[in-house]
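Notes for the one structure printed next.
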Amino acid sequence: MAGIQVSGLISSSSFDWKAIVDQLIAAESIPVTKLTAEKTANTDKTTALNTIKTALTELQDSVQAMRADNIFSLRTVSSNVAATTWKTSSASNTPVGAYAIAVSQLATKAQQMGKSDVGAPLSATNDVTGTTLATLNTATAITAGKFTVNGAQVTVATTASLQDVFNAISSATGGDVVGSYDATADKITLHSGSNAEVLLGSTVDTSNFLSAMKLANNGGATVASGSKLGTVKLYTATLANSGLTTAVSGTGTFSINGVAISYNASTDRMADVLSRINTSAAGVTATYDSNNDRFSLTNTTTGDTGMSITDTSGLLGALGLTTGSGAAFARGNNAQFTINGGATITSMSNTLSAAAHGITGLSVTVDTQSTQTLQVASDSSSMATYVQDFVAKFNAAQNLIEENTKITVSGTTVSGAVLAGNREVEGWAKKLRSLAFDQISGLTGSVKRLDHLGIDFNSTTGQLTIKETDKLANALADDPTSVSEFFLSANTGLVAKMYSGLTTLMKDDTSQQNNLGKANLSIDDQITRLQAKLAAQREALTQSFIKMLDAQSAAESQKKTLSNAFDTKTNN
């Protein structure tokens, strides 16, 4: 029947039965409308309660942050030296005060300094006709190209011998400048036969021969290498071919500070051995100085501590790192300092910690021998930030409670907010004020109420306000212990009371939201049942009118048939 669209009886007078059905159903739907409005009101209340709960949660997080971060024990450290390079830090509860630290000696690292010139010379003899540039064990590999002597360019290739280079220099200078190599000194000498100044290099040189041979102008007729030329090859050859004066071969092991390190002279490079030392648990750093051609071992930590070396295979001896091979051990220094003119204190590290000076939580890393006065003070700025956040979050929660429960009168019109008349929610504001401003009992310090910190209620809004900023600042800076006791005393401090009270309020908020949710579920069920009943009523009314329509249609049809029959008889 749902497809029938006839809305008027077949009659000379129009009768809109469908409109009548709509009117009857609309009258019966009034309870559904009321229930829908009630559900909307419940939903609005739930939204308001959830907003308030969010604000209460944020307030609880704010007070919890005070406890978790232990903010009233925070400290700052400043130096009387504006551009100090000392690094300082302090922990919670570091004693407030001024500390004059006078450093008379910095801590240094102990070092085993190897002997110089452990690398073999460029050649065993003065004859360098068979010594090619590519095979020279110099600190810097020689590159092919051109260099200048007395304005004349000399071209070299890495395949040329050192004697070939001397010959090229002589040829380029018309025989005036001759070169030679001294195997004993491991140096090159360039000499002018005319005793004229030997002038080396130009801006267009492309070979590094002169710098690799440590040759530099001196204004004289003779120029010699600045130091020994032969060095150790770290990366380009195995240990066996690294250019050590004392050759090494085979495999072996040595130990540093009891840590064993092995090597294979046929496969390991010098760089591999150094890396193996540095990454081991020996606690030393191995380095090579190519300018002085020597190795060294340095403790990774400062202080006057020793270093044990055991050379079972001869490699450390070849590197000049054993005492018998000419190495020398330099002891490290302990840092020495005084505090406020007291006795001299020693520290193995330049980081002067409480373990050395006894000042709880204070750490000072020094890098100069000087005297500086460090001022440890309360971090009142950070403390104030936490207090201000608490005040702001408290006021936000109070404002939401007030806005959602207030009743407004405008002339003769009285209107209420979504939670107006909810006595329990209205009581939350009073509860918050009580939690915030009741005096904390059992405290020994000078701060027992918020107004002792210059914090009071606004007389018109019931919100907190910092009325005396100086009072708050002074308390945080001068008496952080009392402030900490007021806020953070276990179980009885403001934070503990506020946290516990807020937990209760949020449970009450959740309970109200749950009750409203249950009420809406019941309303949904009622609406569903009423809508089903209304649908059935509409169907019944529709069927009744359709049957009436069918009956009238049949009557009209019979009327026409009878009328036609009488008309025919009369005519006959």
Exercise. Using θ = phi - 60° and the Karplus curve 6.51 cos²θ - 1.76 cosθ + 1.60, what whole-Hz ³J(HN,Hα) does each residue of segment 265-278 get, with Gly and Pro shown as x?
Worked result: 5, 7, 10, 7, 8, 4, 4, 5, 5, 4, 5, 5, 5, 5
For this session: Report P(r) for segment 81-200: all Cα-Cα distances, bin width 5 Å, range 0 to the bin holding the largest distance, values in whole percent.
Result: 2, 8, 13, 14, 12, 7, 4, 3, 4, 5, 6, 6, 5, 4, 3, 1, 0
Exercise. Taking the Cα atoms only, what angle lies between the long axis of helix 380-405 and the longest principal axis of the chain, rounded to 10 degrees?
Worked result: 10 degrees
Exercise. So, in nm, how far is label Thr368 from label Glu468 when the simple model puts each one 7 Å beyond its Cα toward the Cβ?
Worked result: 4.3 nm
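Given that compact globular proteins tend to follow 2.2 N^0.38 Å, what is the ratio of the alpha-carbon Rg of segment 442-481 to that value? It would help to have the intermediate numbers written out before the result.
Values: Rg = 11.2 Å, N = 40, 2.2 N^0.38 = 8.9 Å.
Normalised by 2.2 N^0.38 Å, the Cα Rg of segment 442-481 equals 1.25.
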Exercise. Could you state the principal axis extents of the C-alpha atoms in segment 386-446, from the largest down, to the nearest angstrom?
Worked result: 54, 22, 19
Exercise. Using 1/(1 + (r/R0)^6) with R0 = 45 angstrom and r between the beta carbons of Ser78 and Asn399, what's the FRET efficiency to the nearest 0.05?
Worked result: 0.70
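How much length, in nm to one decimal, is gained on full extension between Thr125 and Ser353, taken as 0.36 nm per residue of separation minus their Cα-Cα distance? Can you show the working numbers first?
Values: separation 228, 0.36 × 228 = 82.08 nm, distance 5.84 nm.
So the chain would gain 76.2 nm between Thr125 and Ser353.
Hey, got a sec? Which chymotrypsin sites (Phe, Trp or Tyr not before Pro) in segment 168-267 land in a DSSP loop and have at most 10 other Cβ atoms within 10 Å?
Answer by residue number: Tyr235.
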For this session: Please give the helix 494-571 orientation as an angle from the longest Cα principal axis of the chain, in degrees from 0 to 90, rounded to the nearest 10.
Result: 50 degrees
Exercise. In whole Hz, what ³J(HN,Hα) sequence does segment 134-139 give by Karplus (6.51, -1.76, 1.60; θ = phi - 60°), x for Gly and Pro?
Worked result: 5, 9, 5, 8, 8, 4
For this session: Report, in degrees rounded to the nearest 10, the 0 to 90 angle that the Cα long axis of helix 423-437 makes with the longest principal axis of the chain.
Result: 30 degrees
Problem set entry | Globularity index of segment 206-342, i.e. its alpha-carbon radius of gyration over 2.2 N^0.38 Å | 1.33
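Give the Rg/Rh ratio for segment 133-172, taking Rg as the radius of gyration of the Cα atoms and Rh as the Kirkwood radius, to two decimals. If you can, show how the numbers build up before the last one.
On the way: Rg = 10.2 Å, Rh = 10.5 Å.
For segment 133-172, the value is 0.97.
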Exercise. For the chain, what relative contact order do you get, as a whole percent, if you take Cα pairs closer than 8 Å and at least 6 residues apart?
Worked result: 21 percent
For this session: Over the residues of segment 140-224, compute the C-alpha Rg and express it relative to 2.2 N^0.38 Å.
Result: 0.98
Exercise. Under a plain spin-label model, where a point goes 7 Å from the Cα along Cα-to-Cβ, how far apart in nm are Ser446 and Ala343?
Worked result: 3.7 nm
For this session: Please report how far the C-alpha centroid of segment 138-201 lies from that of segment 34-66, rounded to the nearest whole angstrom.
Result: 91 Å
Exercise. Using r as the Cβ-Cβ distance of Ala420 and Ile546, and R0 as 56 Å, what FRET efficiency do you calculate, to the nearest 0.05?
Worked result: 0.65
Exercise. Which distance in nm do the two modelled labels at Val96 and Lys34 give, with both placed 7 Å along the Cα-to-Cβ direction?
Worked result: 6.7 nm
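Kirkwood hydrodynamic radius for the chain: how many Å is it when counted over pairs of different Cα atoms? Each step should come with its number before you reach the end.
Values: mean 1/r = 0.0282 Å⁻¹.
Mean inverse Cα-Cα distance, inverted, gives 35.5 Å.
No lab work stands behind these numbers, since they all come straight from the coordinates. The model shown is predicted, which means the values in this text are computed figures rather than measured ones. Cβ sites come from the backbone with ideal geometry, for glycine too, and all protein chains shown count toward neighbours.
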